[in-house]
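The values are calculated or read from the model by the stated rules, or taken from the named source; none is laboratory data. Note that the coordinates shown come from a computational prediction; the quantities given were computed from them, not determined experimentally. Because the Cβ atoms are built from the backbone with ideal geometry, glycine has one as well, and the counts that use them run over all protein chains shown.
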Amino acid sequence: MAQYPFDQKFRDIVEKLPGAGDPIGPWDILITYETPGVQLSRALVAAGYSIEPVSTQIKDLKALPLCELVELALADKLEHSPALIVLQQSKSREVFEAMVKLTVSHQASERKLAALVLMREPGRTYEEGASAAIAAMMIIERDEEVLGALAYAVKHLDIHDCAEFLAKVAHSQNQDTRYAAAFALGGRTDDDLSISTLIALSKDSDDDVRDWATFGLYLGASSEQPMRQDIKDALFARVDDAHDETRHEAIAGLAAGKDLRVIEPLIAALETDSVWHLALEAAKELGHPALYPSLVKIHEEFPKDNLVEEALLACTPKASE
């Protein structure tokens, strides 16, 4: 039975560090550089660990046979898995070919592993083969969790002509799978199906799904083409959202689209006790004098903040106004 070269307590220390849930977390950094950073070093010393063996243990992990890395990743259920990260960072053809074989496994967990690995370094190293393998999976896959992994792979490998697939994923009963669809659709506002799917997801009952879908519409609002009215209306529907990030992304998107309906909710966002960076960016983007009084108050409190100054300048009434 495969085992890690470090104990569970060591794992717990790494996974309790700030940023452990981020796309690039402490395990990614530790495995990449084979040495603990300042935060991890302090945490390990406080727990009674010696720093010297850490690099050796990480090197031992990376030297494990492929079959053992796969076994460990699956045993971790692919969550915060050091073995998975080692596989994702590999440029080995052996790893690539093994993952392609797993794309047709009868075990959903193995197909999910294949998608999660192929979307990273193996997929970048052997791009054509990885994209072909993922595209083949998209046609026949039915498992909810695997569909979510495929949505991430589509995004990371920049696979085109996938609007119908992502629309199917977006209808999942699994909120994590819908989240993956929203993530994958971010900025894809150049076709009707992708737009309508993002708009539907922006109304989702789950905060995170709604947040990423609204962010995806906001990314589209930042493009050089005029913003479509249905996107504006979808963003406007979220300006009073109870979820803070969703609300601010909607406001920023409307400001980028020069939709004056955003003025009232933007003033409200500028007059809260804790003003978000996105609200200031939105004010700078919209450049409307109605925002000037609110920005004057902020500038009085933060007179040396560059973004506040830029927003204030953009919204300063002109002599003719």
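With respect to the conditions (1) under 14 Å from the mean Cα position of the chain (by Cα); (2) crowded, with 19+ Cβ neighbours inside 10 Å, L166 lacks only one, and its number is (1).
Taking the listed residues R210, R228, the one that is buried (at least 23 other Cβ atoms within 10 Å of the Cβ) and basic (K, R) is R210, with no other qualifying. Report yes if A151 is surrounded by fewer than 20 Cβ atoms within 10 Å (Cβ to Cβ), under 21 Å from the mean Cα position of the chain (by Cα) and of a type in the set (A, V, I, L, M), otherwise no. It is false that A151 is surrounded by fewer than 20 Cβ atoms within 10 Å (Cβ to Cβ), under 21 Å from the mean Cα position of the chain (by Cα) and of a type in the set (A, V, I, L, M). Checked against (1) at pLDDT 95 or above; (2) touching a Pro at 6+ places or on another chain (Cβ under 8 Å), E321 passes all but condition (1).
Taking helices (runs of 4 or more DSSP H) as the structural unit, those lying wholly within segment 44-138 and holding at least 3 residues that are within 21 Å of the chain's Cα centre (by Cα) correspond to 82-88, 108-118, 121-125.
Within segment 62-81, can one find any residue that is farther than 30 Å from I13 by Cα and among the aliphatic types (A, V, I, L, M)?
Within segment 62-81 (the criterion being farther than 30 Å from I13 by Cα and among the aliphatic types (A, V, I, L, M)), the answer is no, since none of the residues qualifies.
Of the candidates A234, A269, A279, the single residue that is crowded, with 22+ Cβ neighbours inside 10 Å, over 23 Å from the mean Cα position of the chain (by Cα) and under 24 Å from D208 (Cα atoms) is A269. Flag not set for G220, criterion: modelled with pLDDT under 95, touching a Leu at 6+ places or on another chain (Cβ under 7 Å) and crowded, with 20+ Cβ neighbours inside 10 Å.
When L44, L17, L30, L84 are checked against the criterion of being within 29 Å of M137 (Cβ to Cβ) and in contact (Cβ under 8 Å) with a residue 24 or more places away in the chain, L84 stands alone in meeting it.
Filtered by the rule that a residue be buried (at least 16 other Cβ atoms within 10 Å of the Cβ) and among the acidic types (D, E), segment 69-99 gives a lone residue, E71.
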